Each structure stands twice: as C-alpha cells, then as structure tokens.
1. Might you check whether a residue that is open to solvent by less than 70 Å² (accessible area, probe 1.4 Å), at positive phi, modelled with pLDDT of 85 or more and part of a loop (DSSP other than H, G, I, E, B) occurs anywhere in the stretch 16-37?
2. Report, by residue number, each residue of the stretch 62-80 that is over 13 Å from TYR106 (Cα atoms) and in contact (Cβ under 8 Å) with a residue 12 or more places away in the chain.
3. Pairs under 7 Å by beta carbon, first residue on the phi > 0 side of the Ramachandran plot in the stretch 89-116, partner acidic (Asp, Glu) and open to solvent by less than 50 Å² (accessible area, probe 1.4 Å), six or more apart or different chains?
4. Could you tell me which of the residues SER145, SER139, SER74 is of a type in the set (Gly, Ala, Ser) and surrounded by fewer than 17 Cβ atoms within 10 Å (Cβ to Cβ)?
5. Among the residues of the stretch 82-110 satisfying the criterion of being outside any helix (DSSP H, G or I) and charged (D, E, K, R), which is least open to solvent (accessible area, probe 1.4 Å)?
6. Identify the single condition in (1) modelled with pLDDT of 85 or more; (2) more than 23 Å from ILE111 (Cβ to Cβ) that ALA54 does not satisfy, given that it satisfies every other one.
7. Can you pull out the residues in the stretch 45-63 that are open to solvent by 30 Å² or more (accessible area, probe 1.4 Å), closer than 14 Å to TYR142 by Cβ and assigned to a helix (DSSP H, G or I)?
Amino acid sequence: MVPHHSKPLKELKIKAKRALKQERVSGDTETEARLKSQQAAFAKKAGFRDWQHAHQILGGSWSDGMDAGSFWYSPKCTTLLNIWCRDLQEAEKQLILHPECVLLPYKRQYILANSDFLTAIGLAAYLPSILEPDNRNLSKLYGSSYWETLALVRLKEIFS
C-alpha cells in the first residue's frame, strides 16, 4: 500500500500550488479556498472525481472493486482496440491469454492495454519493463515503487 504522502500525490499537490502561485493571490482565507479549488481542478484533469478521490487513489487506499478513476486512460486511446473486463478475475484470465498486454484499473473495471495504448498514456519509455511478466498487472503492483514511478510519468503526460 502506498503511504498517504506518496510521490504521485505530492506531485499533484505541487502542480496545484504552482498554479495558485501563478495567480498571485493574497490573503490567507482566499488563498486556502483557491488552493482547494486548484486541487479539485487538477484532480479532475488527472481522471478523478474530486480531490478526495485523487487523495484516496494516489494516497494508497485503492483496492479491487473501488473506482480507480480514469487516471490510466486518455482520450487518445478511444480509437484503440483493447480488452475491457468487468472484474479483476476476468481481467487476470485475459492477461494470461494476452502476454502482449498490461492490466490497468479503470473506474470499477479493468483494461488490458497493448503497447499502442501504453504509448498513448505516456509510458512508451517503460514498454520493455512494463511488459515483463511480473510487471504486467498494475493492480497487483499498486503501491509499489514501480507503480509510483509509472504514476509520476502518467501525471507528467497528463499535465504536459
């Protein structure tokens, strides 16, 4: 499990704070309210319902069956054919049949993503390692340092 101050969560907080500083807002109450507004906006852009949802998922409280948001998805993937599964058991069975794919959580479902999909979400540099047998199921890697690394790369892609 990821500690509540995970690197991806810290990165999202930093992005919101930088955006707030660019607005050059003065006054503690107003600044706090605007920071919360920025955090909510950045969380939504990253594929979460709100800041609390981003905090939950990036902070280490995700588990099978929970809404993972659309963090591991991009509109660039709309035209790509991938395997969608309703639950983890179905997805893991499909993963065995498709060694060229990686299992990613999406809301309350799972996607078996191919290399085109992974490239579209910014993970092209990690294709050789992410396609290794022990790395292909990101739901099982949730909270690991490898997961954090991929999540940071994904955040950079989202906000580039």
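The values are calculated or read from the model by the stated rules, or taken from the named source; none is laboratory data. It should be emphasised that the depicted structure is a prediction, and the values quoted were computed from it without experimental measurement. Don't worry about glycine lacking a Cβ; one is built from the backbone with ideal geometry, like all the others, and counts go over all protein chains shown. The protein model used for the area step is the full one, side chains on, heavy atoms only, and it has no ligands, DNA or RNA in it. Shrake-Rupley method; radii C 1.70, N 1.55, O 1.52, S 1.80 Å.
1. No: the stretch 16-37 contains no residue that is open to solvent by less than 70 Å² (accessible area, probe 1.4 Å), at positive phi, modelled with pLDDT of 85 or more and part of a loop (DSSP other than H, G, I, E, B).
2. If the condition is that a residue be over 13 Å from TYR106 (Cα atoms) and in contact (Cβ under 8 Å) with a residue 12 or more places away in the chain, then LYS76, LEU80 are the ones that fit.
3. These pairs meet every condition: LYS107/ASP67.
4. Just one listed residue meets the conditions, SER145.
5. Looking at the filtered set, the residue picked out is ASP87.
6. (2)
7. Answer for the stretch 45-63, where residues must be open to solvent by 30 Å² or more (accessible area, probe 1.4 Å), closer than 14 Å to TYR142 by Cβ and assigned to a helix (DSSP H, G or I): just GLN56.
Table: residues versus (1) in a helix (DSSP H, G or I); (2) touching a strand residue (DSSP E or B) at 6+ places or on another chain (Cβ under 6 Å); (3) open to solvent by less than 10 Å² (accessible area, probe 1.4 Å).
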site	(1), (2), (3)
ILE14	yes, no, no
ALA43	yes, no, yes
GLY65	no, no, no
PHE117	yes, no, yes
